[in-house]
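K.L.:
Starting off with a structure, shown below.
The values are calculated or read from the model by the stated rules, or taken from the named source; none is laboratory data. Bear in mind the structure is a predicted one, so any value in this text is a computation, not a measurement. Backbone-built Cβ (ideal geometry, glycine too); neighbour counts: all protein chains shown. Ligands, DNA and RNA are stripped out before the accessible areas are found, and what is left, the full protein with its side chains, is counted by its heavy atoms. Shrake-Rupley method; radii C 1.70, N 1.55, O 1.52, S 1.80 Å.
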Amino acid sequence: MNLLVLGPQGSGKGTQAKRIADDHGIPHVATGDIFRAAVEEGTELGKRVEPILASGELVPDDLTIALIRERLSAPDAANGFVLDGFPRTLAQAEALDEMLAGIERGLDAILFFDLSDAIATERIHRRAVEEGRADDTPEAIARRLAIYHEQTEPIVERYRATGKLVPLHADRSIGEVAAEISEALELLGEGATA
Ligand code: ADP
């Protein structure tokens, strides 16, 4: 199963993506996690992206696309993946389409976590206090939400046109959203075997 989770910061997509990946025994591929791990390990990639992450800007497309291309071709992704945090720009979405077409695979569903800015902002500020993530400064949070609306939201419309977009009410509890997802994935499974 090849899944994509899409939505603003604070929408809970990371939490749900992890759970789906565990349930299905497929990797949770989260660009943000990969970049933060690289920063912590002090690798070349980490040194390069550290100031970008701190500012809330996006890592350049070429670098991000190359990283995902390599990650999705790893053996553990052969049976599927839950992609989280990519694509974030139209260029990345186009690159993903090409990548998947090249290996004759497609996305089974795009889970769209719909959430108002007010709730998203409130949740990220709370997470900032609880988790102390280095890139959760007020400035970076505001910048990331602005970039989401400018660059990532247009991708939602692109995926809506495929008929595979599953809109979710992301303002509900973790359990309620999880139930909504399970139901949608079950329907998808029935469709695949019908
Ligand atoms: P959030 O969803 O809270 O913005 P992420 O963990 O998804 O956090 O991403 C953290 C940071 O990693 C982003 O602000 C950005 O700098 C970088 N990043 C993650 N994914 C991408 C991507 N697809 N393209 C460019 N930069 C990215």
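K.L.:
Roughly speaking, to the nearest percent, how much of the stretch 2-182's 1.4 Å accessible area is carbon and sulfur?
P.N.:
Answer for the stretch 2-182 is 53 percent, counting heavy atoms of protein chains only.
K.L.:
Ok, one more. Please return the longest stretch of the chain lacking exposed loop sites, where trypsin sites (Lys or Arg not before Pro) count only if DSSP places them in a loop and at most 16 other Cβ atoms lie within 10 Å.
P.N.:
Within the chain, the longest run free of exposed trypsin sites (Lys or Arg not before Pro) spans 1-104.
K.L.:
Going by amide H atoms built from the backbone, whose H comes under 5 Å of the H on V166, apart from near neighbours?
P.N.:
I110, L111, F112
K.L.:
To continue, here is another question. Among A118, A170, A77, which one shows the biggest mean-square fluctuation in a GNM of the chain, springs joining Cα atoms closer than 10 Å?
P.N.:
Sorting by GNM fluctuation, first place goes to A118.
K.L.:
I need the phi-derived Karplus couplings for the stretch 99-107: 6.51 cos²θ - 1.76 cosθ + 1.60, θ = phi - 60°, integer Hz, Gly and Pro marked x.
P.N.:
4, 5, 4, x, 10, 6, 10, x, 7
K.L.:
Relative contact order, percent, of the chain when contacts are C-alpha pairs under 8 Å separated by at least 6 residues?
P.N.:
Taking the mean separation of contacting Cα pairs over the length of the chain, I get 32 percent.
K.L.:
Whole number in Å², please: accessible area per residue of the stretch 2-182, 1.4 Å probe, ligands, DNA and RNA not counted.
P.N.:
49
K.L.:
So, one more: Work out from phi, with θ = phi - 60° and the Karplus expression 6.51 cos²θ - 1.76 cosθ + 1.60, the ³J(HN,Hα) of each residue of the stretch 139-148, listed in order in whole Hz, and give x for Gly and Pro.
P.N.:
Per-residue couplings from phi come out as 5, 5, 4, 4, 5, 5, 5, 5, 5, 4 Hz.
K.L.:
Which whole-Hz ³J(HN,Hα) couplings does the stretch 39-56 yield from phi under the Karplus relation 6.51 cos²θ - 1.76 cosθ + 1.60, θ = phi - 60°, glycine and proline marked x?
P.N.:
Calculated HN-Hα couplings, in order: 5, 4, 7, x, 6, 4, 4, x, 4, 5, 8, 3, x, 5, 4, 4, 7, x Hz.
K.L.:
While we're here: Starting at 0 and stepping by 5 Å, how many percent of the alpha carbon pairs of the stretch 2-182 end up in each bin?
P.N.:
Computed distribution, short to long bins: 1, 8, 16, 21, 22, 18, 10, 3, 0.
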